[in-house]
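What follows is a set of notes on a single structure, which appears directly below.
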Amino acid sequence: MRAIWGVALAAAMLAGTAEAKTVAVTAERLLDVKTGRYLERPLLVIVDGRIASVGKAGDAVPAEAERVDLPGVTLLPGLIDMHVHLTSAGRYGGYRPYEFTDSFWTAVGVANAKTTLDAGFTTVRNVGTAFYADVGLREAIDEGWIQGPRIMASGYALGATGGHCDETYFPPSMDQKSPALVDSPDEGRRQVRTQRKYGARSIKICATGGVFSRGDEPGAQQLTLEEMKAIAEEAHMSGMKVAAHAHGAPGIKAAILAGIDTIEHVSLIDDEGIKLAVQKGTWLGFDIYNTDYTQAEGK
């Protein structure tokens, strides 16, 4: 196996030449994720940029089909990353992000979106950004201006005043704060409505402190159970899922009890939290590579 391609990614890359055309793609093998088995010498027929059929090399193909052979390549479905921050870069920590103008981060997102797609990820969930940059990226990708994966955008992450999702690096004289603060259940509902109004299709909250904010503890709970319940109820009412950044055991359990759909990081979860997640059907996103990446890039 010389290389790995995403089937959906391959279709997307071929779409430029396959528009209004039929393309027959052969490769070394194909991973069938439903069975966990490989299909040797697969044949994919792509019509107008979409996979129409999967067979084996030697099967009949339409006479007008353009042929693409990928020797030594394994095909697999497009990957999904449930936790990304496309408009961020791990190499800029502490006060360094403030060296750049606000729109710099949208440009960073353009590069990261392309890199993510090239790595085989055809769908991502962007869990928190500023200035609705992830919404803008999604729109630009959908309109064909830039290359990138499908983006489930969350807009601003919702958090408590002084918490992990607030602006905590500035003195009082500068009066900097996140525009998505939640200090009551009603504010939580209003923020969900605001994020949706400006293009978010999922919601991100900060249930506990974190490692890149100043003045808080990663394990300390920051939103109340009532605030998280209000956010979850409002989001679910409009068909959106909610992800909770949560490191500490109390915040994890509160988020699960509140009806949050996915818990991110889950660093200090205890046995009670694990049992509660199973009972409530809550998904845990351990996001292990995040730590590896940030320690390497942001050392």
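The values are calculated or read from the model by the stated rules, or taken from the named source; none is laboratory data. A quick note: this is a predicted structure, and the numbers were derived from the prediction, not measured. Here the Cβ is made from the backbone with ideal geometry for all residues, glycine too, and neighbour counts use every protein chain on show. The protein model used for the area step is the full one, side chains on, heavy atoms only, and it has no ligands, DNA or RNA in it. Shrake-Rupley method; radii C 1.70, N 1.55, O 1.52, S 1.80 Å.
Values for this structure:
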item	result
Nearest-ten-degree value, helix 104-118 long axis tilted from longest Cα axis of the chain	40
Acute angle (nearest 10 degrees) that the helix 185-197 long axis makes with the longest principal axis of the chain, alpha-carbon atoms	30
Charge context of Thr87, other residues only, Cβ under 11 angstrom, K/R +1, D/E -1	-2
Accessible area of the range 141-211 belonging to carbon and sulfur atoms, whole % at 1.4 Å probe	48
Student exercise, the chain dipole from Lys, Arg, Asp, Glu Cβ charges, in Debye to nearest 20	540
Estimated dipole of the range 203-299 in Debye, rounded to 20 [Cβ of Lys and Arg +1, of Asp and Glu -1, Cα centre]	80
The range 88-135 versus the range 32-81: alpha-carbon centroid distance in Å	32
Over 27 Å between alpha carbons, listed pairs Lys34/Lys197; Lys114/Lys241; Lys177/Lys204; Lys21/Lys114; Lys34/Lys241	Lys34/Lys197
Average Cα contact separation per residue, the chain, under 8 Å, 6 or more apart, as relative contact order %	12
Under 5 Å, built H, 5+ apart or other chain: amide partners of Cys165	Ala160
Full-stretch length increase - Glu297, Gln147 - with 0.36 nm per residue and alpha-carbon distance subtracted	51.6 nm
Heavy-atom accessible area per residue - the chain, 1.4 Å, Å²	53
Euclidean distance of C-alpha centroids, the range 159-216 and the range 218-265, integer Å	13
Where labels lie 7 Å past Cα in the beta-carbon direction, separation of Asp270 and Arg190 in nm	3.5
Exposure of Val211 as accessible area (Å², to 10), given a probe of 1.4 Å and all protein chains	100
Top of Lys114, Lys197, Lys253 by mean-square fluctuation, Gaussian network on the chain, Cα under 10 Å	Lys197
Residue-wise HN-Hα coupling along the range 61-69, computed from phi with Karplus coefficients 6.51, -1.76, 1.60 (Hz; x: Gly, Pro)	10, x, 4, 7, 5, 7, 9, 10, 10
Label-point separation, Met237 to Phe104 (7 Å along Cα→Cβ), nm	4.0
Of Ala111, Met240, Pro77, farthest towards positive along the dipole that unit charges on Lys, Arg, Asp, Glu beta carbons give the chain	Pro77
Peptides 153-164, 123-134 ordered by average Cβ neighbours within 10 Å, highest first	153-164, 123-134
Relative contact order [Cα under 8 Å, 6+ residues apart], the range 226-280, whole percent	36
